[in-house]
Amino acid sequence: MSDYIIKATDIKKYFGGVKALDGVNIEIKKGEIHCLAGENGCGKSTIINIISGFYTPDSGTIEIDGMKYEKMNPKQAIANGVQVIYQDLSLFPNLTVMENLAINMEVAASRKFVSKTRMRKIAEEAIAKIGFEIDLDETVENLTVGMRQMIAISRALLNDAKLIIMDEPTTAITKREVKALFKIIKQLQAQGIAVLFVSHKLDEVFEIAERFTIFRNGKNVAAGNTKELDQNKFTYYMTGREIVSSRYEYTRENAPTVLEVKNLSLKNGFKDVSFCLKQGEIIGITGLLGSGRTELAETLFGYHVADSGQILIEDKPVEIRSIKAAIEHGIGYLPSDRVTEGLFLSQPIADNISIEKWHEYANCLGKIDRTKVEEMTRYWAKELSIALHNIEDPVGTLSGGNQQKCVLAKWLAIDLKVLILNGPTVGVDIGAKFDIYELVKRLAKQGLTVIIISDDLPEVLTNCNRVMVMRSGRLVETLSTQSLEESHLAELAN
Amino acid sequence: MNLQKTVKSTEFYVALIILLLCMVIQMKSGQFFTGNNLVDIVRAFSVPAMFCIGEMFVIITGGVDVSFPAIASLSMFVVCSQLEDVAANPLPYFLVAMLIGLAVGILNGVIIAHFKFPALIVTLGTSSICFGIMQGVFKSREYPLCAPLKEFGEMNLFSATNPVSGLTSNMPVGVVLMIVLVFFGWFILNRTMLGRGIYAIGGDVKAAQRAGFNVFGILVFIYAFSGCMAGLIGVLRSTMLLAVHPNNLEGMEMTVIAACVLGGVRMTGGKGSVLGAMLGMALLIIVDNSLILLGISTIWKKVFIGAIIIIGTAASAIEVKRNERKLAIKMNEGGK
């Protein structure tokens with residue numbers, strides 16, 4: 001018997017000549033909560049796939065509970081109690097909770113026929129493991145992401161799990177659901193189950209993990225106890241550069257008003273929202289998912305039409321009844337889901353960045369001047385330091401951070417008065433995150449008014465000069481971020 | 001299933017529409033609930049309904065099969081024109097047709113599952129190939145039915161005569177095949193792990209793979225099954241028409257897909273029930289058969305069917321929207 005549930009030593013893995021892992025080590029003790037951090041492409045998912053037996057390493061050894069393996073297949077990994085909860089959760093949205101919980105066991109047992117009673121028994125056993133209550137006959141697509149996660153966890157526990165790997169479990173869930181998740185993780189630990197928690201959010205790492213491992217470019221850069229870690233060290237390990245963040249200071253008290261909203265309401269969205277933004281301000285909007293913050297942004301951008309209230313731009317009342325009208329009034333919107341709402345993933349980077357300028361670049365027959373498109377793309381790629389090979393590559397080939405910069409570039413290319421950013425750094429690496437922060441602050445200094453909608457309280461505090469808190473569709477508080485404590489803001493937001 | 005869920009289901013609405021429609025037709029014409037009319041409807045229903053089962057399997061996995069009319073026509077024509085007088089009973093004809101269908105179906109399945117090509121394009125291709133072979137190699141044309149199949153076609157379960165008009169309609173033996181196939185489809189989908197696999201693939205292919213389902217095998221199975229059944233149905237159709245009409249089934253794919261959608265089978269995969277698809281088909285057939293009874297020119301048939309498809313699709317789209325809203329409200333409440 002060994003103290004370690006898993007010990008991976010000097011693991012190397014190549015994909016067609018590209019080095020994904022270059023001799024990394026990771027050791028997880030029995031019953032500990034271990035955090036694995038690193039930027040996109042650092043080899044996090046590769047090591048997960050190696051530990052769970054989906055990839056065979058090119059060299060190195062894996063030791064599970066004292067047993068050495070050179071090659072391991074997924075079945076062996078499962079037999080040894082290794083379970084992975086993928087970011088997409090691997091659930092079937094169209095099936096019931098019961099079927100989702102039981103189906104893996106039934107397939108593994110090579111069943112030919114369906115037995116509802118047997119499935120129900122398995123499902124009941126599964127949810128009992130974490131003391132979670134749910135209607136087993138509900139279809140999974142009707143549940144929130146947090147509840148789906150609980151289902152994925154209970155399912156993983158069915159196979160006598162000793163190590164549960166969670167791949168970025170907190171990216172898509174609300175603060176409240178994160179709390180519930182952490183409670184469950186602690187509960188698992190009490191049962192002697194180790195958890196490998198993949199995340200790049202420092203506050204979460206501090207809160208939950210005892211030990212950490214950080215990868216960068218397929219190599220170990222640090223490992224140890226989380227107690228020894230702080231924000232600066234963490235960012236340095238992840239990115240390899242020193243990043244100092246400063247709070248945004250707004251000094252132009254006499255600046256003109258750019259956007260004013262009076263008693264704006266949208267059915268099933270928000271009610272009686274009023275606020276006033278000056279030129280060059282960065283204002284944060286925070287609140288739980290479903291607090292109406294996204295609906296508010298979408299209404300300002302003309303995606304919904306407000307039921308009542310008034311919107312004024314530069315003191316003139318305007319009607320925003322369509323997205324086109326919003327853009328004409330100088331309002332840009334970076335949606336929370338850039339993949340489905342902000343970009344044409346399979347289209348060239350150049351087209352994605354230049355799309356709002358096409359009508360300008362087109363001649364009378366509608367033919368677009370490609371040299372102008374190229375010129376402007378190169379300009380913005382340089383300006384925002386977008387890392388790209390070829391501007392004709394599909395935008396989907398870029399990393400999350402660079403994709404987000406492309407959405408930003410699209411809006412910056414046209415003359416905006418107000419830019420609304422909805423979760424601008426979700427799924428974005430720390431390095432790119434700070435690039436985006438610096439860019440936003442620079443633009444605001446030049447006179448752009450920015451609205452940042454975010455759950456990430458440190459993000460709001462360091463980048464905004466004011467913050468508005470929304471709850472159940474109402475604007476409950478507007479505060480200056482000067483000397484505002486994070487804990488106080490957290491209380492208001494929840 | 002509890003009452004609330006039943007009332008909310010697509011199947012319930014389609015059944016309700018069918019019921020209302022039948023009553024309207026009955027009131028207007030007094031001819032709907034007569035023996036011969038009901039027999040006629042079941043007769044017209046049986047062939048498309050059988051196609052529905054195979055198509056459903058495919059749509060639930062997230063694909064679509066538009067090649068079955070071509071497969072059915074090809075196997076029917078080859079069997080009837082090449083095997084004339086080979087056997088004295090109809091069984092070998094059916095078996096050979098099923099084998100031809102199976103071969104084309106496996107081809108569909110392997111290409112779609114292995115190369116991950118879009119099912120619509122692949123089956124459009126095989127459809128064209130099948131029609132082409134039938135017309136080019138076998139010089140398809142109207143053809144008399146050979147004796148054993150003709151005998152089979154003339155067998156009736158029972159006949160119904162309308163006392164007013166004196167018209168007689170016969171219930172073909174093929175209806176038994178339909179009942180067997182419908183039950184088989186229901187059994188596979190609801191009672192076997194294979195069926196769960198079909199739904200699982202439609203829900204999330206990657207998750208199905210990770211759960212240990214043999215995704216390749218299941219996909220090949222459903223296309224092979226669809227093809228094999230198409231072969232069988234092709235020959236059955238010729239026995240019901242008592243002649244070989246090689247182009248009679250062209251366009252059937254639209255009716256069958258429409259019936260599935262109408263009955264709540266989700267085009268993007270993962271959802272659908274045998275009951276729903278059957279009700280959808282019943283609705284289309286009743287509209288098709290009964291416009292004459294209502295004194296509406298058959299020219300309007302296509303308009304009616306088109307309108308029903310749009311209304312049916314819109315209804316399910318609205319339902320999805322409503323569910324989204326509900327979820328948002330649920331989250332709102334959680335936030336208080």
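The values are calculated or read from the model by the stated rules, or taken from the named source; none is laboratory data. From a predicted model like this one, the values you see are computed outputs, not experimental measurements. Neighbour counts are summed over all protein chains in view; Cβ atoms, including those assigned to glycine, are modelled from backbone coordinates with ideal geometry.
Residues that are touching a residue at least 40 places away in the same chain (Cβ under 8 Å), part of a loop (DSSP other than H, G, I, E, B) and touching a helix residue (DSSP H, G or I) at 6+ places or on another chain (Cβ under 7 Å) within the range A:84-122 comprise A:LEU89, A:SER90, A:LEU91, A:PHE92, A:PRO93, A:ASN94, A:LEU95, listed in sequence order.
B:PHE216 passes every criterion in (1) among the aromatic types (Phe, Trp, Tyr); (2) part of a loop (DSSP other than H, G, I, E, B); (3) closer than 19 Å to B:LEU120 by Cα apart from (2). Inspection of the range B:67-79 finds a residue satisfying the criterion of being touching a helix residue (DSSP H, G or I) at 6+ places or on another chain (Cβ under 7 Å), assigned to a loop (DSSP other than H, G, I, E, B) and under 19 Å from B:ASN247 (Cα atoms). When the range A:78-107 is filtered for residues that are farther than 21 Å from B:GLY269 by Cα, touching a strand residue (DSSP E or B) at 6+ places or on another chain (Cβ under 8 Å) and more than 10 Å from every other protein chain (Cβ to nearest Cβ), the ones remaining, listed by number, are A:ASN80, A:GLY81, A:VAL82, A:GLN83, A:ILE85, A:GLN87. Kindly indicate whether A:GLU319 is under 16 Å from A:LYS262 (Cα atoms) and either free of Cβ contacts under 8 Å to residues at least 12 places away in the same chain or charged (D, E, K, R) (or both). Judged against the criteria, A:GLU319 is a match. Based on what the data block shows, is A:LEU419 in the same structural domain as A:ALA350 (by TED's automatic domain parsing) and assigned to a helix (DSSP H, G or I)? When the stated conditions are applied, A:LEU419 does not pass them. Checked against the criterion of being in contact (Cβ under 8 Å) with a residue 12 or more places away in the chain, within 20 Å of A:ALA209 (Cα to Cα) and not aromatic (Phe, Trp, Tyr), the candidates A:ILE11, A:ILE5, A:ILE50, A:ILE78 yield just one match: A:ILE5. Considering the range A:120-169, the residues that are of a type in the set (Val, Ile, Thr) and under 20 Å from the mean Cα position of the chain (by Cα) include one that is nearest to the other protein chains (Cβ to nearest Cβ), namely A:THR144.
Going residue by residue through the range A:34-51, is there one that turns out to be surrounded by fewer than 23 Cβ atoms within 10 Å (Cβ to Cβ), over 29 Å from the mean Cα position of the chain (by Cα) and within 14 Å of another protein chain (Cβ to nearest Cβ)? Within the range A:34-51, none of the residues are surrounded by fewer than 23 Cβ atoms within 10 Å (Cβ to Cβ), over 29 Å from the mean Cα position of the chain (by Cα) and within 14 Å of another protein chain (Cβ to nearest Cβ).
Listed here are the residues, each with its yes/no results for (1) over 28 Å from B:ASP85 (Cα atoms); (2) surrounded by 20 or more Cβ atoms within 10 Å (Cβ to Cβ); (3) modelled with pLDDT under 85.
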{"position": "B:PHE138", "(1), (2), (3)": "no, no, no"}
{"position": "B:LEU149", "(1), (2), (3)": "no, yes, no"}
{"position": "B:VAL176", "(1), (2), (3)": "no, no, no"}
{"position": "B:PHE183", "(1), (2), (3)": "yes, no, no"}
{"position": "B:GLY203", "(1), (2), (3)": "yes, yes, no"}
{"position": "B:LYS206", "(1), (2), (3)": "yes, no, no"}
